[in-house]
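> Can you keep this structure in mind? I'll have questions shortly.
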Amino acid sequence: MKYVYQQILAFFALILITVSTTGILIIQYVTTNVYDEKEAQLYGYAESIIDQNMTIQQLESGSTLVSNQDVSFAIFDGEDHMVYPQATDLYTSGISTEDFKRLSEGERISLTERDRGFLNEKKRFLTVYLPLFNATTAEFTGFIAVGSPVKGIEDEINEIEHNLLVAVLTSGGIAIVLSLGIANYLTRRIKRMRRATHEIASGNFDISLENHHKDEFDELSEDFNQMARSLKASNEEVERQENLRRQFMMDVAHEMRTPLTTINGILEGIQHHMIPEGRRDRSMQLMQKETKRLIRLVNENLDYEKIRSNQIVLVKQEFSAKEALENVAEQMRAKAQAKDDLIIVQVNAADRIYADYDRFIQIMVNLTQNAIQFTKNGTITLSSFPDGEQQIIQVKDTGIGIEKKDITSIWERFYKVDVSRKNTKFGESGIGLAVVQSLVMNHKGTVDVESTPGEGTTFTITLPTKTALEKNS
């Protein structure tokens with residue numbers, strides 16, 4: 001069943017139950033009220049006759065007046081014989097012995113239905129009975145019966161029920177029309193969401209639903225818009241990652257093709273005796289160098305994947321920052337001198353670093369090697385200093401710098417700012433910075449970069465101290 005019909009059915013069922021329940025309660029109230037009013041009216045007539053001690057002539061006159069209101073009355077003596085209205089036959093009230101006894105004891109009998117009139121005519125009456133007593137002796141002398149035809153009361157009740165039914169049907173009709181309008185309004189909003197969902201399913205994420213911030217549908221619209229934005233961002237990220245994957249495959253192929261081509265060429269030369277004996281050692285050294293380059297490329301990629309997937313185990317310890325940085329400077333000094341670069345270490349002897357020593361050296365070697373790659377006739381400064389519960393380590397160079405648009409991309413594997421440098425002496429595989437970022441993150445630290453083209457670049461690593469990590473653990 002469609003939602004619009006469900007809504008209409010729900011509205012109609014609710015209205016029907018509400019109106020029916022209300023109608024039944026109103027009818028019961030009105031019926032009870034009509035009977036109570038009729039009883040009070042009949043008692044009033046009876047009490048008036050008793051209070052005024054009317055004569056036969058007065059009773060005749062009063063009977064004519066109340067007959068226009070469908071009210072009749074009769075008077076019975078102490079023997080239950082009707083004395084008014086006068087008749088040739090002898091009539092009794094027809095009340096039970098128990099009720100007669102109650103009257104004689106001074107009780108009044110409330111509204112009672114009888115199937116005949118006072119003169120035995122076939123007419124249903126609602127009657128009240130009031131006892132009569134001698135004013136002097138207080139002796140029970142009879143009782144007055146005042147009645148009204150049931151038909152009159154029923155006609156009154158039927159008229160009220162008819163008017164109520166008309167009101168119910170009218171309000172029900174109006175309610176149904178309103179429910180149709182509300183259901184259609186809600187359904188249109190759902191259909192808009194459905195169309196928008198189809199657009200999302202077809203790949204169109206540039207879609208937004210109106211949101212007036214009024215009800216739950218608007219909240220759902222806001223959630224839908226947020227979902228669309230998230231899906232769009234995710235789709236863009238998927239496309240970006242796919243482009244990176246394709247670029248990665250191309251870069252890997254490129255990085256491996258050159259050394260493999262070199263090795264294959266040397267082997268073919270040796271096979272066909274095309275390499276002179278004097279150049280054979282040089283060729284073997286070149287082949288060995290290219291083989292090491294391939295091994296390094298494979299190992300770096302495997303290392304990166306292990307680091308990124310948290311498959312490495314860090315053995316953290318506190319060590320001297322000065323000793324570690326001087327160790328890195330010593331390792332990289334030969335490469336720096338080849339490009340006429342000077343490596344400077346600036347650190348206090350008391351500074352300590354809490355990290356995996358071997359992985360920290362790997363981080364610093366990669367950053368220093370990167371600085372050497374893009375610096376010629378310049379200075380590379382390795383420094384460290386404490387900052388509260390953190391230790392700051394910086395690698396600063398005076399090289400060519402990095403354009404602002406490239407800064408966010410340098411952490412990606414095989415990304416190179418200058419694509420012409422793929423095969424430079426220190427260009428290596430282009431994966432070093434990706435390894436650096438992953439290792440720093442595994443140490444619960446951060447790495448940032450600031451650069452000005454033509455002036456140099458500064459990489460800043462922030463590592464928490466042992467005390468800070470113990471507090472947060």
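The values are calculated or read from the model by the stated rules, or taken from the named source; none is laboratory data. None of these values were measured; they are calculated from a predicted model. So basically every Cβ, Gly included, is an ideal-geometry build from the backbone, and we count neighbours across all protein chains shown. Note: accessible area is taken over every heavy atom of the protein model, side chains too, but ligands, DNA and RNA are not part of it. Shrake-Rupley method; radii C 1.70, N 1.55, O 1.52, S 1.80 Å.
> Using 0.36 nm per residue, how much length does the chain from residue 234 to residue 12 gain when fully extended, once their Cα-Cα distance is taken away?
Result for the pair: 75.5 nm of gain on full extension.
> Hey, any idea what the orientation-averaged projected area of the convex hull of the chain's Cα atoms comes to, in nm²?
Averaged projected area of the chain's Cα convex hull equals 49.5 nm².
> Given the Cα-Cα distance of residue 97 and residue 191 and 0.36 nm per residue of separation, how much length would full extension add, in nm? Before the final figure, lay out each step's value.
Numbers: separation 94, 0.36 × 94 = 33.84 nm, distance 7.65 nm.
Stretched out fully, the residue 97 to residue 191 stretch lengthens by 26.2 nm.
> Here's another thing I want to ask about it. Taking Rh as the Kirkwood radius, which is the inverse of the mean 1/r over Cα pairs, what is the Rg/Rh value for the range 76-221? Could the numbers behind the result be given before it?
Numbers: Rg = 35.3 Å, Rh = 22.0 Å.
Value, to two decimals: 1.60.
> May I ask you to list the residues of the range 109-130 whose amide nitrogen lies under 17 Å from a point 7 Å from Cα along the Cα→beta-carbon direction of residue 87?
Counting only backbone N, you get 114-128.
> Let me ask something else about it. 222 nm [θ] for the chain, helices only, -39500 (n - 2.57) per DSSP H run of 4+, per residue, to 500?
-20000 deg cm²/dmol
> Please sort through the DSSP H helices of the chain and keep those with an alpha-carbon extent of at least 20 Å along the long axis and a Kyte-Doolittle average not below 0.5.
Qualifying helices, which must be both long enough and hydrophobic enough, are 3-52.
> Heavy-atom accessible area per residue, the chain, 1.4 Å probe: how many Å²?
Result: 60 Å² per residue.
> Using per-residue counts of other Cβ atoms within 10 Å, averaged over each peptide, order 318-329, 203-214 from highest down.
Working: 318-329: 18.3, 203-214: 11.6.
Packing proxy ranking, top to bottom: 318-329, 203-214.
> If you don't mind, another one. With point charges of +1 on the Cβ of Lys and Arg and -1 on the Cβ of Asp and Glu, referenced to the Cα centre of the range 99-237, which listed residue (128, 226, 186) lies farthest in the positive direction of the dipole?
128
> Assign unit charges at the C-beta atoms only (+1 for Lys and Arg, -1 for Asp and Glu), then state the dipole size of the range 340-400 relative to its Cα centre in Debye, rounded to the nearest 20.
The calculation lands at about 100 debye.
> If I compute solvent accessible area with a 1.4 Å probe over the protein chains, what percent of it on the chain is carbon and sulfur? Show your work: numbers first, answer last.
Numbers: 15050 of 28370 Å².
Carbon with sulfur: 53 percent of the solvent-accessible area.
> Along Cα→Cβ, 7 Å out, is where each label goes; now give me the distance between the ones at residue 227 and residue 441 in nm to one decimal.
2.8
> With both bridge residues required to lie in the chain, what share of the DSSP beta bridges run antiparallel, to the nearest 5%?
Of those bridges, close to 90 percent are antiparallel.
> What accessible surface, in Å², does a 1.4 Å probe find on residue 139, ignoring ligands, DNA and RNA and rounding to the nearest 10?
110
> Using a 10 Å cut-off on Cβ atoms, rank the peptides 171-181, 370-380 from the highest mean neighbour count down.
Top of the packing list down: 370-380, 171-181.
> I've got another one for you. Per 0.36 nm of contour for each residue apart, how much would the distance between residue 160 and residue 121 grow if the chain were fully extended, relative to their Cα-Cα spacing?
11.2 nm
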